[in-house]
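Encoded as structure tokens, the structure appears first; notes follow it.
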Amino acid sequence: MSKKVADQIVETLVDNGVKRIYAVTGDSLNELNDAVRRNGNIRWIHVRNEEAGAFAAAAEGELDGLACCAGSSGPGHVHLINGLYDAHRSGVPVLAIASTCGTYEFGTDYFQETNTIKLFDDCSHYNQIATTPKQATRMLQAAIQHAVHRKGVAVFGLPGDVAALDAQQDIYTSKNYYNNPVLRPSDTELSNLAALLNDHHKITIFCGIGAEKAHDQVVQLAALLKAPVGYSFRGKMGMQYDNPYEVGMTGLLGLPAAYHSMHEADVLLLLGTDFPYAPFIPDDKKIIQIDEKPEKLGRRAKLEMGLCGKIEDSVTALLPLLKAKTDESFLKAHLQLYAKVKENLLTYVHDAGKKDAIHPEFVASVLNELATRDAIFTVDTGMCCVWGARYIDATGQRKLLGSFNHGSMANAMPMAIGAALAHPEKQVIALCGDGGLSMLLGDLATIKQYNLPVKLVVFNNRTLGMVKLEMEVAGLPDNETDMINPDFALVAQAMGFPGITVNHPEEVRNALTQALAQPGPVLVNVMTDPEALAMPPKIEFEQMKGYAITMGKMILGGKMDEVLETVKSNYKHLKELF
């Protein structure tokens with residue numbers, strides 16, 4: 001039997017370290033599926049929805065450097081879009097194979113025909129379709145190179161008839177080269193930066209995911225400058241642990257300490273962050289930004305200096321040029337504020353809530369305590385992000401994955417699938433919102449089919465919690481945010497694995513301990529407080545006024561009981577605000 005193009009594609013994937021293809025097979029993908037079966041060195045992971053496959057690939061790509069998903073003609077690859085947007089905006093290398101109808105049907109409005117070039121144009125670095133066997137091998141390699149080196153999505157369009165054709169040899173390198181060049185600002189730029197930092201005493205450092213590999217260098221820098229270190233959500237796992245200078249996060253999910261340290265400094269040093277929330281960044285300070293991608297410099301803040309470089313390389317070269325500061329008053333003041341903030345965070349840990357209104361903060365804190373030091377956490381967009389951001393601690397080995405740039409619902413469970421397949425030796429815990437889990441509920445069957453040891457903790461507040469809060473601070477009574485949910489524990493049992501429902505706070509620890517001890521998948525359905533709020537570190541007067549207006553409207557509308565429950569659930573937050 002002669003080698004087909006599909007066989008050649010699979011061999012190239014294997015040569016580049018791809019271990020899995022997340023997909024739903026069908027028509028134009030069948031040749032590729034069969035080539036996977038014949039090869040034996042790569043697995044076809046049968047997800048129930050291609051969107052889940054794309055999210056799973058995004059998680060694997062973030063953890064291990066490259067992953068692959070696929071979608072068949074038309075609807076199949078349209079389903080990939082949301083997960084691919086997420087991966088691309090997060091800078092995660094993902095190869096998407098978009099199979100389509102036979103080339104002889106192009107342009108005829110054929111059944112399930114779509115224009116893959118137009119479809120994927122906005123969420124990819126590379127996006128081409130092969131129409132000949134000779135093109136296929138070269139385009140696939142180019143796609144992999146773009147995904148890996150430009151850090152994002154590459155789409156390889158594959159017509160079903162091309163996949164079945166006889167392979168043709170071509171002169172190309174089937175293996176990719178994973179380079180790690182040194183990248184830092186010039187000596188002159190570093191000298192100017194050092195002069196600025198040496199001339200100022202109140203300096204704050206704020207780190208993003210781009211500083212993940214520079215933990216030790218950033219700690220040394222903070223020690224020299226006597227500077228507090230804040231970080232973004234994506235930067236937390238790389239920067240919080242073993243860092244005596246850290247003052248937490250800022251932004252919508254953050255805390256007051258980092259916010260104040262940034263706004264009370266004379267100089268703000270942004271390292272490897274493309275933090276999107278401009279209102280949380282001061283506009284009257286000297287701001288220096290260093291980033292590996294120079295196109296990101298200055299697009300969120302007015303800069304004094306914008307420098308291109310990897311953070312680990314740049315800070316290593318900068319350190320010898322700095323003078324050690326002796327005045328610790330600025331640093332100590334913000335460390336003291338941070339200590340008070342952390343103490344306040346324990347309010348809803350010590351007060352665990354009541355029946356069917358368990359405080360989600362308490363649940364997250366127990367998870368943090370019970371999880372292993374190298375656990376992989378995935379968090380759904382919305383309130384689960386808040387509880388994960390504030391209560392899951394970094395150890396230097398843990399990973400925290402979410403849809404932090406794209407902000408999609410329904411990402412936690414499918415990301416946990418990718419994480420568990422890529423790292424079966426590690427504990428994988430998904431913090432799922434009831435709204436998010438409901439969207440891709442069918443892929444619980446994927447977890448069962450591969451017996452993945454994923455622990456799904458559902459924060460079941462019976463509402464779209466973040467949306468509800470958004471409406472209320474805008475002065476709008478929440479509308480159509482309530483959710484009538486199935487019993488998620490029974491759904492898990494129907495899928496074939498254990499499900500536990502937790503109604504009382506005193507049941508939480510035992511249920512989570514039991515779930516984490518099980519060798520296979522478990523779903524823990526925790527009935528959390530639907531009135532729990534998450535206040536950001538910066539509360540605008542209009543937000544306070546909007547919230548008060550909403551409460552007034554609800555009272556006038558006969559919802560006094562709901563208003564009282566909200567106040568009782570958040571009395572400590574509200575006392576701090578008003």
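I'd like to check which strands (runs of 3 or more DSSP E) are fully inside the stretch 87-160 and have at least 1 residues that are surrounded by fewer than 22 Cβ atoms within 10 Å (Cβ to Cβ).
126-129
May I ask you to list the residues in the stretch 403-438 that are buried (at least 23 other Cβ atoms within 10 Å of the Cβ), modelled with pLDDT of 95 or more and more than 18 Å from Gly83 (Cβ to Cβ)?
Ile429, Leu431
Looking at (1) touching an Asp or Glu at 6+ places or on another chain (Cβ under 9 Å); (2) in contact (Cβ under 8 Å) with a residue 12 or more places away in the chain, which is the one condition that is false for Ile290?
Going through the list (1) touching an Asp or Glu at 6+ places or on another chain (Cβ under 9 Å); (2) in contact (Cβ under 8 Å) with a residue 12 or more places away in the chain, Ile290 breaks only (1).
Just checking, does the stretch 338-346 include any residue being farther than 30 Å from Asn179 by Cβ, more than 23 Å from the chain's Cα centre (by Cα) and of a type in the set (S, T, N, Q)?
Scanning the stretch 338-346 turns up at least one residue that is farther than 30 Å from Asn179 by Cβ, more than 23 Å from the chain's Cα centre (by Cα) and of a type in the set (S, T, N, Q).
Being at pLDDT 95 or above, surrounded by fewer than 18 Cβ atoms within 10 Å (Cβ to Cβ) and touching a helix residue (DSSP H, G or I) at 6+ places or on another chain (Cβ under 6 Å) is the filter here; which residues of the stretch 470-500 pass it?
Gly496 - this is the single residue of the stretch 470-500 that is at pLDDT 95 or above, surrounded by fewer than 18 Cβ atoms within 10 Å (Cβ to Cβ) and touching a helix residue (DSSP H, G or I) at 6+ places or on another chain (Cβ under 6 Å).
Which one is modelled with the highest pLDDT among residues in the stretch 293-310 that are part of a loop (DSSP other than H, G, I, E, B), crowded, with 17+ Cβ neighbours inside 10 Å and not small (Gly, Ala, Ser)?
Among those that are part of a loop (DSSP other than H, G, I, E, B), crowded, with 17+ Cβ neighbours inside 10 Å and not small (Gly, Ala, Ser), it is Lys310.
Could you list all residues from the stretch 169-207 that are modelled with pLDDT under 95 and either in the same structural domain as Ala317 (by TED's automatic domain parsing) or among the charged types (D, E, K, R) (or both)?
Passing the criteria: Asp170, Lys175, His201.
Only helices (runs of 4 or more DSSP H) wholly contained in the stretch 311-410 count here; list those with 1 or more residues that are hydroxyl-bearing (Ser, Thr, Tyr) and in contact (Cβ under 8 Å) with a residue 40 or more places away in the chain.
311-318, 329-345, 347-350, 383-391
Just to check your reading of the model, which residue among Glu507, Glu542 is at pLDDT below 60, of a type outside the set (Phe, Trp, Tyr) and assigned by TED's automatic domain parsing to the domain that holds Ile417?
Exactly one residue qualifies, and that residue is Glu542.
Which one of these is without any contact (Cβ under 8 Å) to a residue 12 or more places away in the chain and β-branched (Val, Ile, Thr): Thr108, Thr103? Walk me through how you get there before you give the answer.
On the way: Thr103 fails: without any contact (Cβ under 8 Å) to a residue 12 or more places away in the chain.
Sole residue among the options that is without any contact (Cβ under 8 Å) to a residue 12 or more places away in the chain and β-branched (Val, Ile, Thr): Thr108.
Would you confirm whether any residue within the stretch 364-379 is among the charged types (D, E, K, R) and either closer than 25 Å to Tyr277 by Cα or not assigned by TED's automatic domain parsing to the domain that holds Ile429 (or both)?
No, every residue in the stretch 364-379 fails to be among the charged types (D, E, K, R) and either closer than 25 Å to Tyr277 by Cα or not assigned by TED's automatic domain parsing to the domain that holds Ile429 (or both).
What is the residue count in the stretch 268-292 for residues that are buried (at least 16 other Cβ atoms within 10 Å of the Cβ) and within 24 Å of the chain's Cα centre (by Cα)?
The number of residues fulfilling the criteria is 13.
Among the residues of the stretch 43-59, is there at least one that is at pLDDT 95 or above, closer than 16 Å to Ser99 by Cβ and in contact with a His (Cβ under 7 Å, 6 or more places away or on another chain)?
Among the residues of the stretch 43-59, at least one is at pLDDT 95 or above, closer than 16 Å to Ser99 by Cβ and in contact with a His (Cβ under 7 Å, 6 or more places away or on another chain), which makes the answer yes.
List, please: which pairs have Cβ atoms under 6 Å, are six or more places apart or on different chains, and start with a residue in the stretch 73-95 that is among the hydroxyl-bearing types (Ser, Thr, Tyr) and end with one that is in a strand (DSSP E or B)?
Going by the 6 Å Cβ cut-off, the qualifying pairs are Ser73/Thr100.
Test of understanding: among Leu346, Leu400, Leu337, which residue is surrounded by fewer than 24 Cβ atoms within 10 Å (Cβ to Cβ), closer than 20 Å to Pro256 by Cα and touching a helix residue (DSSP H, G or I) at 6+ places or on another chain (Cβ under 6 Å)?
Leu337
Residues in the stretch 493-530 that are in a helix (DSSP H, G or I), within 22 Å of Ala352 (Cα to Cα) and either touching a residue at least 40 places away in the same chain (Cβ under 8 Å) or not small (Gly, Ala, Ser) (or both): how many?
Number satisfying all stated conditions: 11.
Restricting attention to the stretch 169-183, does a residue exist that is under 30 Å from Thr114 (Cα atoms), hydrophobic (A, V, I, L, M, F, W, C) and more than 32 Å from the chain's Cα centre (by Cα)?
Taking every residue of the stretch 169-183 in turn, none turns out to be under 30 Å from Thr114 (Cα atoms), hydrophobic (A, V, I, L, M, F, W, C) and more than 32 Å from the chain's Cα centre (by Cα).
The values are calculated or read from the model by the stated rules, or taken from the named source; none is laboratory data. Note that this is a predicted model, so its numbers are computed, not measured. As a convention, Cβ positions derive from the backbone with ideal geometry for all residues, glycine included, and neighbour counts pool all protein chains shown.
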